[in-house]
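The values are calculated or read from the model by the stated rules, or taken from the named source; none is laboratory data. From a predicted model like this one, the values you see are computed outputs, not experimental measurements. Neighbour counts are summed over all protein chains in view; Cβ atoms, including those assigned to glycine, are modelled from backbone coordinates with ideal geometry.
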Amino acid sequence: MTEILRGKPVAEELKENIKKRVEALKEKDKTPKLAVLRVGANPNDLSYEKGILKNCANLGIETVVVEKDEDIDTDGLMAAMQELNDDASVHGILMFRPLPKHIDEKQLQEAIAPEKDVDCMHPYNLAKVFASDASGMEPATPRSAMEILKHYAIPLKGKRVVIINRSMVLGRPLAMMMLSEHASPMICHSKTENLPELTRAADVVVLAAGRAKSFGAEYFNENSVIIDVGVSMADDGKIAGDADYDNLAETVKAITPVPGGVGSMTTTLLLNQVVKACEKTA
């Protein structure tokens, strides 16, 4: 029978750990604080922000929202970022992206204080991931995938892992995290030849191509573990992952659902990093 790797129990376990650490910090007169830096009022950003603020309140993490008009220029946003960098009461900064096209996002990525960079934008933090140095901040989505595998005791040592994504946000840092666990990762993409043959031979397959239900039974075997990071709209108008979940849920060893899998972990991991940053100042 296929094991469904749900994200909620993993997130709940981590939240309990966060609560205990926040309480310990408050005993030292330290309270973790997250600053959200948002440009404009995009409905998706507002929805995401609402969820973050609710989770922070439940975990005892303070928050501040810094909203800037859409017509702000790069220098203006850089100044807002610097204020948050200089604010000792702020331990984590989350800047919503993508930014308006007239803003130089690269400048902002390099301007954020690395020790407050909970979304792992700064090259310094990415370099630490590639050096297998856990002391920095990590990108939340690949770490979510790793935490789910750990929670469900999916072995990685010596295992073949195929990652269908080559971005700096997911595929590449995830490959480094896999290497740190002694797995043998292979990064694939849209131009990879003989992809079904490669995924069928893998022990773990991470899907992040952004093509709803495009990976069917021909890509897997009965022992496949599927970590589905893809999120897109299917033909029926519903959110779906890259895996053809309905036709795979009884034919592979394990699979994450969409929604309810990797994506349900990311906010909790962001907040975990806020607490981690605060602990370094305690």
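Data table
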| quantity | calculated |
| --- | --- |
| Search result, residues across region 91-121 that are free of Cβ contacts under 8 Å to residues at least 24 places away in the same chain and touching a Gly at 6+ places or on another chain (Cβ under 9 Å) | PRO114 |
| Single residue of region 210-263 satisfying the filter (assigned to a loop (DSSP other than H, G, I, E, B) and among the polar types (S, T, N, Q)) that is nearest to ALA140 (Cα to Cα) | THR256 |
| Set ASN58, ASN85: member being free of Cβ contacts under 8 Å to residues at least 60 places away in the same chain, assigned to a helix (DSSP H, G or I), out of contact with any Pro (no Cβ under 8 Å at 6 or more places or on another chain) and within 30 Å of LYS8 (Cβ to Cβ) | ASN58 |
| SER214 more than 28 Å from LEU59 (Cβ to Cβ), crowded, with 19+ Cβ neighbours inside 10 Å and among the small types (Gly, Ala, Ser) | no |
| Those residues of region 82-92 which are surrounded by fewer than 24 Cβ atoms within 10 Å (Cβ to Cβ) and under 22 Å from the mean Cα position of the chain (by Cα), in sequence order | VAL90 |
| Inter-residue pairs, beta-carbon under 9 Å, first of a type in the set (A, V, I, L, M) and in region 21-32, second part of a helix (DSSP H, G or I), 6+ apart | VAL22/LEU59; VAL22/VAL275; VAL22/CYS278; ALA24/GLU279; LEU25/VAL275; LEU25/CYS278; LEU25/GLU279 |
| Hits in region 159-204 - residues which are touching a Phe, Trp or Tyr at 6+ places or on another chain (Cβ under 7 Å) and under 21 Å from ILE255 (Cβ atoms) | PRO196, THR199, ARG200 |
| Residues satisfying the stated conditions in region 171-185, i.e. over 19 Å from the mean Cα position of the chain (by Cα) and crowded, with 18+ Cβ neighbours inside 10 Å | ALA183 |
| Options ALA254, ALA217, ALA208, ALA202; residue that is under 19 Å from the mean Cα position of the chain (by Cα) and modelled with pLDDT of 95 or more | ALA208 |
| Candidate set from region 143-170 (those that are in contact with a helix residue (DSSP H, G or I) (Cβ under 8 Å, 6 or more places away or on another chain) and in a helix (DSSP H, G or I)); member that is surrounded by the fewest Cβ atoms within 10 Å (Cβ to Cβ) | HIS151 |
| Filtered residue count, region 220-240, keeping only those that are within 24 Å of the chain's Cα centre (by Cα) and in contact (Cβ under 8 Å) with a residue 12 or more places away in the chain | 13 |
| Region 127-168: number of residues that are touching a Gly at 6+ places or on another chain (Cβ under 7 Å) and of a type in the set (D, E, K, R) | 1 |
| Qualifying residue in region 98-111 (condition: basic (Lys, Arg), surrounded by fewer than 16 Cβ atoms within 10 Å (Cβ to Cβ), in a loop (DSSP other than H, G, I, E, B) and not assigned by TED's automatic domain parsing to the domain that holds VAL169) | yes |
| Scan of region 18-45 for residues that are part of a helix (DSSP H, G or I), modelled with pLDDT of 95 or more and exposed (fewer than 13 other Cβ atoms within 10 Å of the Cβ), ordered by number | LYS20, GLU23, LYS26 |
| Residue list for region 131-142, restricted to those being farther than 17 Å from GLY241 by Cβ and assigned to a helix (DSSP H, G or I) | ALA140 |
